[in-house]
């Protein structure tokens, strides 16, 4: 049986190129979909990273004692709603953090929140506090609270 | 023999393709699961990498020796991640290193909280919090590796070089026990 090797036909260069490109595109797509799960999406607020919103937060805060109760008084002076606060009790070589999320403060408004000694046992007159705002942002479709850096907080002493 | 017929080229090609796809699928099922599991810890550790650090502002990251030749080393650790439930601290001294796990309510005869005695419960800072620890001995370098909620201990962590304490108030606190 005689076979003429040169008469055998393979796929044309055009088809071969298209096949190669298709394989590469499909492989790249699979790798991309797989690797995307390892990239964490940042929290956004008003279509910008929440860190940018933190930079613009402006508020006044103080903690006062009336009788045996302690109150956190806050005035929000910027057009960014504040969702809550981290109250950091500053001690000798120690910072204890207590989160207050049940008192959102709207743009331009003030709020007064009772600080329970059950929640913050260390609170007493003369204690140094750092009050750090928490903003509400979005991660994908989920609302997420995000604490601003300490630099955006206000230091105060309980009076 | 030459007249014997084998499978046609089309069937052979289809068979090869099917075999390849089945082989790749079986391999992928194992490899993808294995790689995913391996990367999961790395990813979580990577996310928490910047969330543990030594805090220089306290002034307690230093070592001292008292009149009785007792040696103490202080270090302040700040945690900013919600997934960090503890850390492994490695204390280096003249080429020798020893590691200790600091977890909630753990006790140690060599490490204590700044204001507590040895062999009392250790604390781990909450997110955004800070604690200062005192180690028995003089160490020149300390490394802290995060211990995550899922039980993983991260390979990479934070390291600090330790110098002698200069503040007498700090030295007094290191030897209060």
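Here, each number is a calculation from the coordinates, and none is a lab measurement. All figures in this text were calculated on a predicted structure; none of them were measured in a lab. Positions of Cβ are generated from backbone atoms using ideal geometry, with glycine treated the same way; all protein chains shown enter the neighbour counts.
General remarks:
- Sorting the Cα pairs of chain B by distance into bins of 10 Å, from 0 upward, gives 9, 30, 24, 10, 7, 6, 6, 5, 3, 1, 0 percent per bin.
- Across all directions, the average flat footprint of the convex hull enclosing the Cα atoms of the protein assembly as shown is 29.5 nm².
- Calculated [θ] (222 nm, deg cm²/dmol) that DSSP helices of n ≥ 4 give over chain B, each run adding -39,500 (n - 2.57): -9500 deg cm²/dmol
- Folded to 0 to 90 degrees: helix B:9-48 orientation relative to chain B principal axis, Cα: 10 degrees
- Other protein chain Cβ atoms within 10 Å, averaged over every residue that makes up A:93-105: 5
- Label separation (residue A:79 vs residue B:85): 4.5 nm, computed from points 7 Å beyond Cα along the C-beta direction.
- Only helices enter the 222 nm calculation for chain A: every DSSP H run of n ≥ 4 contributes -39,500 (n - 2.57), and dividing by all residues gives -6500 deg cm²/dmol, rounded to 500.
- For peptide A:146-156, the mean count of partner chain Cβ atoms within 10 Å of a residue's Cβ comes to 1.
- Relative contact order of chain A, pairs being alpha-carbon contacts under 8 Å that are 6 or more residues apart, as %: 23 percent
- Crossing angle, helix A:13-36 versus chain A [Cα axis fit, 0-90 degrees, rounded to tens]: 20 degrees
- A simple spin-label model places the labels of residue A:138 and residue B:120 4.9 nm from each other, with each point 7 Å out along Cα-to-Cβ.
- Burial ranking of peptide ranges A:120-129, B:144-153 (average Cβ count within 10 Å, highest at the top): B:144-153, A:120-129
- Whole-Å distance, taken between Cα centres, linking segment A:104-159 and segment B:13-40: 51 Å
- Length added when fully stretched, residue A:58-residue A:117, from 0.36 nm per residue minus Cα-Cα: 18.5 nm
- With contacts taken as Cα pairs under 8 Å at a separation of at least 6 residues, chain B carries a relative contact order of 24 percent.
- FRET efficiency estimate (nearest 0.05) - Cβ-Cβ, residue A:101 to residue B:155, R0 41 angstrom: 0.75
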